[in-house]
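Below: the structure, in structure tokens.
Throughout, read-outs are computed from the coordinates displayed, never taken from laboratory work. A quick note: this is a predicted structure, and the numbers were derived from the prediction, not measured. All Cβ positions, even for glycine, are placed from backbone atoms using ideal geometry, and neighbour counts span all protein chains on display.
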């Protein structure tokens with residue numbers, strides 16, 4: 001199969017351990033895109049970006065984008081990718097070609113947080129003409145990240161060939177198998193706010209905002225986004241759950257945590273809230289999509305005899321993405 | 001301070017307004033603010049209720065508890081009750097308003113409770129009275145406050161009420177007002193008022209003549225339910241080529257609108273705040 005003949009999203013992984021390998025994997029690929037007048041994007045570390053742009057003669061048509069994993073949140077990154085692709089296709093671009101060097105983190109918590117991005121994009125960006133080649137330096141990336149990348153890309157590329165990846169796992173299966181985030185020690189303490197039966201969403205927004213702004217160092221914009229996410233989760237509980245819907249909020253200097261609980265069985269779809277929507281409608285499920293975009297972590301758990309709980313967490317540390325473009 | 005009091009100085013208590021309340025406490029607090037505004041402006045206040053009924057007595061007590069010298073207002077002729085049986089008759093509203101205007105130099109404001117109206121008139125007649133009041137508000141220096149329990153309105157009844165009061169909504173989380181040819185929205189838009197918002201926008205689109213301008217400066221929250229109402233409430237209008245302009249939402253609301261993709265939808269434009 002020739003990549004240039006594929007419609008829709010072609011998501012490849014390539015591993016390298018020397019600059020010469022990196023060159024052979026990335027430079028002809030990008031040059032071919034420029035020759036075909038495609039939109040060509042580099043989303044890599046500074047050093048790799050410099051190597052590649054120099055090799056391509058600093059072609060002014062090259063687009064340099066933030067490296068995945070360095071700014072914002074995973075689901076927000078999916079949203080931005082979709083928006084970029086919609087914009088390019090509306091402008092008549094036949095394909096977007098991208099070399100990306102994801103930085104999924106140095107700790108198991110970080111790459112567990114970011115790994116859904118690599119899995120979910122297979123489904124989220126499937127309708128769009130994107131040829132993405134994710135490059136991983138085997139000298140520098142943790143072995144767990146390399147193993148994760150083996151399972152999230154349908155194709156593996158070497159300098160000589162592209163093969164169907166036998167280790168690829170479908171996104172839903174991959175996300176379902178991810179380890180759940182461990183219990184937050186904060187949630188073992190007395191909550192800063194507790195509402196046993198949520199009825200007034202404006203009131204819980206005021207309550208949560210007051211707690212977060214007075215007791216944490218989470219920036220104001222991140223607090224507003226957290227409260228938006230909380231509203232959407234509570235709305236889902238009121239509309240689709242079994243009441244009463246309860247809320248607990250905890251605060252520490254570095255984070256705010258909220259549990260929204262109802263007495264139903266919740267949702268079981270591991271990809272719920274991960275997939276973007278068509279832009280001309282606001283569909284059911286949009287609320288959870290927005291909630292995942294607007295908080296750092298969102299976990300859902302059905303506890304036997306204990307109802308369904310959605311936990312939202314936002315920390316003070318998430319770097320803000322660049323302005324919407 | 002009630003939600004209404006935050007906004008009434010900005011949006012005012014003038015015109016034909018619909019007070020949607022969830023609780024008696026809310027209703028009486030908003031009513032007191034409305035009465036105080038009228039008395040402060042030397043308007044004559046006409047309240048459609050039997051003064052000897054429990055409801056009438058409850059109104060007097062509530063107004064006093066909110067710091068209004070209602071006894072002085074009554075004895076000075078600035079506040080009066082009119083019995084529903086007298087008001088809800090053919091020609092009743094016009095006669096009462098004209099009589100009040102004859103003794104007031106500054107205008108009249110009038111309020112009815114839905115329960116009083118429904119006891120005195122059929123559902124069909126209630127809608128006709130609403131339209132009569134709407135016409136009187138256009139013709140005279142008259143403001144009218146129609147009080148309805150929010151949970152009593154849904155579906156067709158909500159759409160009818162929204163159509164008549166589109167620029168005069170006073171509900172716990174959403175107020176509206178006219179601004180030039182456009183409609184101002186103020187408040188927090190979420191599950192509590194999604195159906196109301198969709199009904200209002202549908203009515204506003206009907207009257208919009210191809211361009212609907214929505215002032216959003218005071219929309220301090222807009223969630224997914226409201227976004228859906230915005231999209232669906234204007235869908236037919238936009239499908240027919242109508243343009244919707246969202247003007248000057250606050251920074252967070254603008255951010256959420258853009259994140260939801262509202263600004264990229266067909267025939268929707270977002271004008272940033274200054």
**Request:** Provide B:74, A:68 in ascending order of the number of other Cβ atoms located within 10 Å of each residue's Cβ, fewest first.
**Result:** B:74, A:68
**Item:** Cα coordinate range in the protein assembly as shown, projected on the principal axes (Å, largest first)
**Value:** 96, 54, 37
**Request:** Quick one: among A:143, A:223, A:211, which has the greatest mean-square fluctuation in a GNM of chain A with alpha-carbon springs under 10 angstrom?
**Result:** A:143
**Prompt:** Any idea what angle helix A:74-90 forms with the longest principal axis of chain A, computed on alpha-carbon atoms, 0 to 90 degrees, nearest 10?
**Reply:** 50
**Asked** In the protein assembly as shown, what percentage of the DSSP-assigned beta bridges are antiparallel, given to the nearest 5?
**Response** 35
**Asked** Given springs between every Cα pair under 10 Å in a Gaussian network model of chain B, which of B:192, B:167, B:207 has the largest fluctuation?
**Response** B:207
**Mean Cα-pair separation over length for the stretch A:12-169, i.e. relative contact order, pairs under 8 Å, 6 or more apart, %** = 32
**Message:** With the alpha-carbon atoms as the only input, what is the per residue convex hull volume for the stretch A:70-132 in Å³?
**Reply:** 77
**Request:** With r as the distance between the Cβ atoms of residue A:206 and residue B:264 and R0 = 41 Å, compute the FRET efficiency 1/(1 + (r/R0)^6) and round to 0.05.
**Result:** 0.85
**Request:** Considering only A:21, A:76, A:280, give the residue with the highest GNM mean-square fluctuation for chain A, with springs between Cα atoms whenever their separation is below 10 Å.
**Result:** A:280
**Message:** For B:22, B:128, B:44, which order do you get if you count the other beta carbons within 10 Å of each Cβ and list the fewest first?
**Reply:** B:128, B:22, B:44
**Prompt:** What is chain A's relative contact order, in percent, from Cα pairs under 8 angstrom and six or more apart in sequence?
**Reply:** 18
**Prompt:** With contacts defined as alpha carbon pairs under 8 Å and 6 or more residues apart, what's the relative contact order of the stretch A:7-92 in percent?
**Reply:** 23
**Asked** How long are the three semi-axes of the equivalent ellipsoid of the stretch B:187-232, in whole Å, if each is the root of 5 times an eigenvalue of the C-alpha gyration tensor, listed from largest down?
**Response** 18, 12, 8
**Prompt:** DSSP beta bridges in the stretch A:1-135, what fraction antiparallel, as a percent rounded to 5?
**Reply:** 0
**Fill in**
Most packed first (mean Cβ within 10 Å per residue), the peptides B:255-265, B:26-36, A:167-177 order as B:26-36, B:255-265, A:167-177
**Message:** Residue by residue through B:212-225, how many Cβ atoms from other chains fall within 10 Å of the Cβ on average?
**Reply:** 3
**Asked** Quick one: Cα centre-to-centre distance for the stretch B:166-208 and the stretch A:78-93, in angstrom?
**Response** 33
**Complete:** Taking alpha-carbon centroids only, the stretch A:111-148 lies from the stretch A:198-275 a number of Å equal to 29
**Prompt:** Residues of B:250-260, mean number of Cβ from any other protein chain within 10 Å of their own Cβ, rounded to a whole number?
**Reply:** 4
**Request:** Could you give the spread of the C-alpha atoms of chain B along their three principal axes, from largest to smallest, in whole angstroms?
**Result:** 58, 36, 33
**Item:** Gyration tensor verdict on the stretch B:49-114 (Cα atoms; rounded if a/c is under 1.5, prolate if a/b is larger than b/c, oblate otherwise)
**Value:** oblate
**Message:** Could you work out [θ]222 nm for chain B from helices alone, using -39500 (n - 2.57) per DSSP H run of at least four and dividing by all its residues? Round to the nearest 500 deg cm²/dmol.
**Reply:** -14000 deg cm²/dmol
**Prompt:** Which angle from 0 to 90°, rounded to the nearest 10, does the C-alpha axis of helix A:46-55 make with the longest principal axis of chain A?
**Reply:** 30
**Prompt:** Hey, what number do you get for chain A at 222 nm if only DSSP H runs of n ≥ 4 count, each worth -39500 (n - 2.57), divided across all residues, to the nearest 500?
**Reply:** -12000 deg cm²/dmol
**Request:** Would you mind checking the tilt of helix B:92-102 against the longest principal axis of the Cα atoms of chain B, expressed as 0 to 90 degrees and rounded to 10?
**Result:** 80
**Message:** Per-residue Cβ counts within 10 Å, from other chains only, averaged over A:279-291: what number is that?
**Reply:** 5
**Between the stretch B:214-238 and the stretch B:81-148, the Cα center-to-center distance that results, in Å** = 32
**Complete:** Ranked on Cβ counts within 10 Å of their own Cβ, fewest leading, B:160, B:71 go B:71, B:160
